[in-house]
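Peer 1: Got a structure here, written out as structure tokens. Questions coming.
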Amino acid sequence: MKVSVLDYGVIDKEKTPQEALLETRCLAQVADKLGFHRFWVAEHHNIHAFAISSPELLIMHLADHTKRIRIGSGGIMPLHYSSFKIAKWMMTLEALHPHRIDLGIGNSLGTPLVQRALSSIHAKGDYNRVIEELSTYLSPDSPNPLPIAVNPKGKAYPQLWPLSNSTETAQLAGQLGLGYTFGIFPYMPKDPLTEAQRVAAHYRQAFQPSSHFKKPQLILATFVVLADTDEEAEALAKPLDIWMLGQQDFNEFKTYPDVEETRHYPLTEKQKETIAANRSRMVIGSAQTVKKQLDRLIQACQADELLAIPLVPGFSNRQRALELLADLYVVL
């Protein structure tokens, strides 16, 4: 089982955004040494506690400071930008780091304030067309002639991975012969096992071999709170519980909350219900507890790869989660 990591550039309590970015680099280097397959970074805007807003720039830095691991986005939000410009970003990265660059994409537009500030050029309904455009730009032998050249060209092309939990995106990824990332998000109002099986089946049934991939490739992405003991993992999950309530557009906290900040956080009955529902879509516990949960999800969608999201406070806790995951799955 290939295992990969998605990092949010967490700004911990009493840390600066600059320190958070350096910790992301350190985590990528840890993942590289431990034998992880990919290290992806997210894109967030106007969220105080996350430092990564320009993944395309950070990918370059991380690729420069690692040796073997694939580096990519999880994901760039292409509805804000020109597909042509994104393709040129990624081809430049691929030219400098052949066979190591991934373009993971998602369909979030963020808040109206973010959309205005970024002068977003697409609407939600444009997402399928944008995927098709990127597939064409990043294919060495696209069936449709390109109206404009994407440079720099080379023998290597970045991998394209739409990320969603919808059958519509899964089917399109399959039809275009792309990789597909099925994401289990805590606030997703669906049963993760049922959806993993259903959405993965749509992707594989629709898959057509292409210059991107000759056979279907499915990544399972999920939030993992992993520690040495179940009790420690439970404590580290409390900040994620509170964070996923999304108060004030995720800006209730100036930095990512720690265990102490959330220990006595006052909760309404409705918030307690929300947390309980979210918990059914998180993987929490010690190594053996987590492996049982992950194996069920992996089996449900027959995943080729696991993409773990260790959204917990403290760099040392995130590093420890990677070490434990490596012991469970990674073979160097």
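Peer 1: Between a residue in the stretch 188-205 that is of a type in the set (Phe, Trp, Tyr) and any residue that is not in a helix (DSSP H, G or I), which pairs come within a Cβ distance under 6 Å, given they are 6 or more apart or on different chains?
Peer 2: Pairs found: TYR203/TYR180.
Peer 1: May I ask you to list pairs of residues, at least six apart or on different chains, whose Cβ atoms are under 9 Å apart, with the first in the stretch 305-316 being touching a residue at least 24 places away in the same chain (Cβ under 8 Å) and part of a strand (DSSP E or B) and the second being surrounded by fewer than 24 Cβ atoms within 10 Å (Cβ to Cβ) and of a type in the set (Ser, Thr, Tyr)?
Peer 2: Short answer, once both residue conditions are applied: LEU306/TYR329; ILE309/TYR8.
Peer 1: Still on this structure, I have one more. Does any residue of the stretch 241-260 turn out to be hydroxyl-bearing (Ser, Thr, Tyr) and more than 30 Å from ASP32 (Cα to Cα)?
Peer 2: Looking for residues that are hydroxyl-bearing (Ser, Thr, Tyr) and more than 30 Å from ASP32 (Cα to Cα), one finds none in the stretch 241-260, hence no.
Peer 1: Same structure again: State all residues of the stretch 162-186 that are outside any strand (DSSP E or B) and among the polar types (S, T, N, Q); if no residue qualifies, say none.
Peer 2: The answer is ASN165, SER166, THR167, THR169, GLN171, GLN175.
Peer 1: Restricting to the stretch 192-226, name every residue that is open to solvent by 10 Å² or more (accessible area, probe 1.4 Å) and outside any helix (DSSP H, G or I).
Peer 2: The answer is PHE207, GLN208, PRO209, SER210, SER211, HIS212, PHE213, LYS214, LYS215, PRO216, GLN217.
Peer 1: Consider LEU245 against the criteria (1) free of Cβ contacts under 8 Å to residues at least 12 places away in the same chain; (2) over 17 Å from ARG318 (Cα atoms): it satisfies all of them except one. Which criterion is unmet?
Peer 2: The failed condition is (1).
Peer 1: Condition (residue is open to solvent by less than 60 Å² (accessible area, probe 1.4 Å) and under 16 Å from LEU6 (Cβ atoms)) applied to the stretch 252-259: is it met by at least one residue?
Peer 2: There is at least one residue in the stretch 252-259 that is open to solvent by less than 60 Å² (accessible area, probe 1.4 Å) and under 16 Å from LEU6 (Cβ atoms).
Peer 1: Of the residues ALA276, ALA235, ALA321, ALA300, which is at pLDDT 95 or above and closer than 24 Å to ALA28 by Cβ?
Peer 2: ALA321
Peer 1: With respect to ILE121, is the statement that it is closer than 30 Å to LEU245 by Cβ and at pLDDT 95 or above true?
Peer 2: Against the criterion (closer than 30 Å to LEU245 by Cβ and at pLDDT 95 or above), ILE121 does not qualify.
Peer 1: Tally the residues that are open to solvent by 10 Å² or more (accessible area, probe 1.4 Å) and not in a helix (DSSP H, G or I), restricting the search to the stretch 227-246.
Peer 2: Number of matching residues: 5.
Peer 1: Here's a follow-up. In the stretch 52-76, which residues are open to solvent by less than 30 Å² (accessible area, probe 1.4 Å), of a type outside the set (Val, Ile, Thr), in contact with a helix residue (DSSP H, G or I) (Cβ under 7 Å, 6 or more places away or on another chain) and not in a helix (DSSP H, G or I)?
Peer 2: GLY72, SER73
Peer 1: Same structure again: Looking at (1) more than 24 Å from VAL3 (Cα to Cα); (2) open to solvent by less than 10 Å² (accessible area, probe 1.4 Å), which is the only condition PRO112 fails?
Peer 2: PRO112 satisfies all of (1) more than 24 Å from VAL3 (Cα to Cα); (2) open to solvent by less than 10 Å² (accessible area, probe 1.4 Å) except (2).
Peer 1: Go through (1) open to solvent by 10 Å² or more (accessible area, probe 1.4 Å); (2) within 27 Å of LYS13 (Cα to Cα); (3) out of contact with any helix residue (DSSP H, G or I) (no Cβ under 9 Å at 6 or more places or on another chain) for GLN293 and report which single condition fails.
Peer 2: (2)
Peer 1: Got at least one residue in the stretch 63-75 being at pLDDT below 95 and under 19 Å from ALA221 (Cα atoms)?
Peer 2: Within the stretch 63-75, one or more residues are at pLDDT below 95 and under 19 Å from ALA221 (Cα atoms).
Peer 1: Could you please find all residues in the stretch 143-189 being of a type in the set (A, V, I, L, M) and either open to solvent by 10 Å² or more (accessible area, probe 1.4 Å) or within 23 Å of ILE59 (Cβ to Cβ) (or both)?
Peer 2: If the condition is that a residue be of a type in the set (A, V, I, L, M) and either open to solvent by 10 Å² or more (accessible area, probe 1.4 Å) or within 23 Å of ILE59 (Cβ to Cβ) (or both), then LEU146, ILE148, ALA149, VAL150, ALA156, LEU160, LEU163, LEU172, ALA173, LEU176, LEU178 are the ones that fit.
Peer 1: Hey, another quick one. Just checking, does the stretch 252-267 include any residue being among the hydroxyl-bearing types (Ser, Thr, Tyr) and either part of a helix (DSSP H, G or I) or farther than 19 Å from ALA42 by Cα (or both)?
Peer 2: yes
Peer 1: Collect the residues in the stretch 115-161 that are closer than 21 Å to SER210 by Cα, outside any loop (DSSP other than H, G, I, E, B) and free of Cβ contacts under 8 Å to residues at least 12 places away in the same chain, keeping them in residue-number order.
Peer 2: Correct list: ARG129, THR136.
Peer 1: Please tell me if ARG129 is open to solvent by less than 30 Å² (accessible area, probe 1.4 Å) and either in contact with a strand residue (DSSP E or B) (Cβ under 6 Å, 6 or more places away or on another chain) or of a type outside the set (Phe, Trp, Tyr) (or both).
Peer 2: Spelling it out, it is not the case that ARG129 is open to solvent by less than 30 Å² (accessible area, probe 1.4 Å) and either in contact with a strand residue (DSSP E or B) (Cβ under 6 Å, 6 or more places away or on another chain) or of a type outside the set (Phe, Trp, Tyr) (or both).
Peer 1: Also: State whether the residues of the stretch 281-297 include one that is modelled with pLDDT of 95 or more, closer than 30 Å to GLN18 by Cα and not in a loop (DSSP other than H, G, I, E, B).
Peer 2: yes
The values are calculated or read from the model by the stated rules, or taken from the named source; none is laboratory data. Worth saying up front: this structure is predicted, and the values here are computed from it rather than measured. All Cβ positions, glycine included, derive from the backbone under ideal geometry; neighbour counts span all protein chains shown. Remember, those area values only see protein heavy atoms, side chains included, never the ligands or the DNA or RNA. Shrake-Rupley method; radii C 1.70, N 1.55, O 1.52, S 1.80 Å.
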